[in-house]
Amino acid sequence: MNSDKESYTERRCQFIGTISIVVLITCLLFITSCSETTDSERNTGGMQDEKLRNMEQILEAGKLRVLTTYSSTNYFLYRGQAMGYEYDMANKLARFLGLQLKVIVAKNTDELIELLLSGKGDMIAAGLTATNDRRQRIVFTDYLYLTKQVLVQRKPENWRRMQRHQIDHKLVKDPIELIGDTVYVKKGTSYYQRLINLQNEIGGNIHIQLVDEEVPTEKLIEMVVEGQIPFTIADQNIANVSASYFPDLDVNTAISFSQRISWAIRKNSPKLLDTINYWITKMKKYNEYYAVYDKYFKSPRSFSKRVSSDFYSKNTGKISPYDDLIKMHAKAIGWDWVLISSIIYQESQFNPTAESWASANGLMQLMPATAQELNVEDVLDPNQNIQAGIRYLKRMWNQWDEIEDSIQRLKFTIASYNCGSQHVADAMKLAKKYNMESHTWDENVEVQLLNLTYSNYYRDDVVSYGYVRGRETVNYVREIFERYRLYRQFIPHTAESR
């Protein structure tokens, strides 16, 4: 397909023909000297280059300043690498323009808009719904994707034993059924405005319970799961991601028509608007545009993997075709090879060609940067992949030598393998701050890692690396140890087991 063959350079040449001569000259002067590295910083109130820059000035500076928020879809760090739908798309735009990307993190939507209008950023990339109220202050680009707002509710307690029609009977399936019910949302969101409009449409009152604007949507969804609140509202794509974490959720009741999710700029930046819109139009013709969306919103990855495994033979004591390789390389770290087998199953289910939503590859799901750092020539080669993965585990293990209890140290190491040691260190700092055992994973540091999903924690002064998918990592550690326990029921301890 042509989309696979056309390079960024070719597309940039087409782009150049659509902008003014002034912009063209500036772009040509700086396009070869700009780095593709990303400069990310938390907003602290005082920043350099605080001016209302136009397109020519952005190109001349060689840097695109993008405002966003930490979230599971906008921007986060995963195994030490910056990720997120909005981040990936903004990075592609910056690379297309030959600019360095600078990420500036805001607390909420109101702060995003204030930072943009005050000149502390050039554009907002944070999953904003293009509403008329917001158009009074900012200009939206062409939409990146369409979504609907859905009702987030909990399935009945015994839903697994019920038939589909019985479950549906217990759920709100039509917005009109919300009359008289209470829905929890943040006032500054498009969800609040949608509920206001919905009341007029259905001719009845919905009790709208406003929550602190600092509470993220993910936290409200979790409160529904835990039964603390009955309902909240979320964009369908975000709700679907959460439902993959929490099977007790139902997110199938739409309460809006399709809505546009767009980037935003200041009203006095027409050339920047034209440039971004041109890029979006061009990108929508290529597979990579849709691949980024699928990566974050449609990936078939499972957040709650099974704790059982397909044994090759319970009688012969085999776990996978790679037992011998695992036993050989496990000696380098001194761990039970069965524990490492449990990690590998959790990572890839023993599929040597597995590729994750985050572009991690092979049996031990090595990230591209990690594989390069460890000099892995063929990441899909089982021998190289296992050897490198264990080397990386050993690095994490050595990093936690201050933890005396060996089991707890294992859990810190395995958690670091999943989400990155930076986030684990942040959770330790929070544990210490809140008088918890900072060297104990169970019910201490794991609690604070879960808290790093929420803005009032990941913006704490002791935290350095922001948002993390804490539940994914906590479940990861628990499931590995549970699987290890199950494996050990069938695999006898021998001298080579250690």
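The values are calculated or read from the model by the stated rules, or taken from the named source; none is laboratory data. Keep in mind that what you see is a predicted model, and the values were worked out from it rather than measured. Cβ: placed from backbone, ideal geometry, glycine included. Neighbour counts: every protein chain shown. Keep in mind that these areas ignore ligands, DNA and RNA; they rest on the heavy atoms of the full protein, side chains included. Shrake-Rupley method; radii C 1.70, N 1.55, O 1.52, S 1.80 Å.
Annotations for the structure displayed:
- Within this structure, Ser438 passes the test of being in contact with a Lys or Arg (Cβ under 6 Å, 6 or more places away or on another chain), over 22 Å from Glu222 (Cα atoms) and either of a type in the set (Asp, Glu) or without any contact (Cβ under 8 Å) to a residue 24 or more places away in the chain (or both).
- Some residue of region 36-47 being modelled with pLDDT of 85 or more and part of a loop (DSSP other than H, G, I, E, B): no
- Of all residues making up region 115-149, the number that are over 20 Å from the mean Cα position of the chain (by Cα) and open to solvent by less than 40 Å² (accessible area, probe 1.4 Å): 14
- Filter result (open to solvent by 10 Å² or more (accessible area, probe 1.4 Å) and modelled with pLDDT of 95 or more) within region 230-248: Pro230, Phe231
- A residue that is at pLDDT below 95 and open to solvent by less than 10 Å² (accessible area, probe 1.4 Å) occurs nowhere in region 422-437.
- Among the helices (runs of 4 or more DSSP H) confined to region 348-464, the ones with at least 1 residues that are in contact with a Pro (Cβ under 6 Å, 6 or more places away or on another chain) are located at 382-399, 455-458.
- Beta carbons closer than 8 Å, at least 6 apart along the sequence or on distinct chains, pair a first residue in region 190-203 that is farther than 13 Å from Val150 by Cβ and of a type in the set (A, V, I, L, M) with a second that is part of a loop (DSSP other than H, G, I, E, B) and open to solvent by 30 Å² or more (accessible area, probe 1.4 Å) for Ile202/Ile179.
- For beta carbons closer than 7 Å, sequence separation of 6+ or different chains, a first residue in region 340-369 that is within 21 Å of Ala82 (Cβ to Cβ) and a second that is among the charged types (D, E, K, R), the qualifying pairs are Ser356/Arg301; Trp357/Lys295; Trp357/Arg301; Asn361/Glu355; Gln365/Glu347; Met367/Arg79.
- Single residue of region 150-165 satisfying the filter (surrounded by 13 or more Cβ atoms within 10 Å (Cβ to Cβ) and without any contact (Cβ under 8 Å) to a residue 60 or more places away in the chain) that is nearest to Leu220 (Cα to Cα): Pro156
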